[in-house]
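Novice: Dropping a structure here in structure tokens format, bear with me for questions.
The values are calculated or read from the model by the stated rules, or taken from the named source; none is laboratory data. Quick caveat, the model's predicted, so the values are computed rather than measured. Cβ: placed from backbone, ideal geometry, glycine included. Neighbour counts: every protein chain shown.
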């Protein structure tokens, strides 16, 4: 499929924009992406960085980026309420 080849060549920014802008479910795709970001940022921001260390990943950096993203999400949407 032509779209599959285009997707494989997209940058990460283009790929996320494609997910959010071109879904047969419309704006629900945007809500899904934001919810996924909120859930993951909350979980990682609260984690022990040492638990996330690996040969290719510094746990402190991973927690730091999660906290940064979480802060931006709180500014935009308010505190996240995990309801399940």
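Novice: I'd like to verify a number: residues in the range 36-48 that are under 20 Å from residue 13 (Cβ atoms) and loosely packed, with under 13 Cβ neighbours inside 10 Å, how many?
Specialist: Total meeting the criteria: 1.
Novice: Select from the range 1-19 the residues that are within 29 Å of residue 59 (Cβ to Cβ) and surrounded by fewer than 10 Cβ atoms within 10 Å (Cβ to Cβ) and write down the one among them that is farthest from the chain's Cα centre (by Cα).
Specialist: Of everything passing the filter in the range 1-19, 11 is farthest from the chain's Cα centre (by Cα).
Novice: Output the number of residues of the range 73-84 satisfying the condition of being closer than 17 Å to residue 32 by Cα and either in a helix (DSSP H, G or I) or in contact with a strand residue (DSSP E or B) (Cβ under 8 Å, 6 or more places away or on another chain) (or both).
Specialist: 4
Novice: Further question on the same structure: Test residue 59 against the criterion of being closer than 25 Å to residue 17 by Cβ, more than 15 Å from the chain's Cα centre (by Cα) and either surrounded by 13 or more Cβ atoms within 10 Å (Cβ to Cβ) or at pLDDT below 95 (or both), and give yes or no.
Specialist: It is false that residue 59 is closer than 25 Å to residue 17 by Cβ, more than 15 Å from the chain's Cα centre (by Cα) and either surrounded by 13 or more Cβ atoms within 10 Å (Cβ to Cβ) or at pLDDT below 95 (or both).
Novice: For the range 68-84, how many residues meet the condition of being touching a residue at least 12 places away in the same chain (Cβ under 8 Å) and either surrounded by fewer than 14 Cβ atoms within 10 Å (Cβ to Cβ) or within 12 Å of the chain's Cα centre (by Cα) (or both)?
Specialist: Of the residues in the range 68-84, 5 are touching a residue at least 12 places away in the same chain (Cβ under 8 Å) and either surrounded by fewer than 14 Cβ atoms within 10 Å (Cβ to Cβ) or within 12 Å of the chain's Cα centre (by Cα) (or both).
Novice: What residue, of 40, 3, is in a helix (DSSP H, G or I) and either farther than 28 Å from residue 80 by Cα or modelled with pLDDT under 95 (or both)?
Specialist: Of the residues listed, the single one that is in a helix (DSSP H, G or I) and either farther than 28 Å from residue 80 by Cα or modelled with pLDDT under 95 (or both) is 3.
Novice: On to the next question. Could you check the range 20-32 and list, in sequence order, the residues that are surrounded by 14 or more Cβ atoms within 10 Å (Cβ to Cβ) and either touching a residue at least 12 places away in the same chain (Cβ under 8 Å) or in a helix (DSSP H, G or I) (or both)?
Specialist: Correct list: 20, 29, 30, 32.
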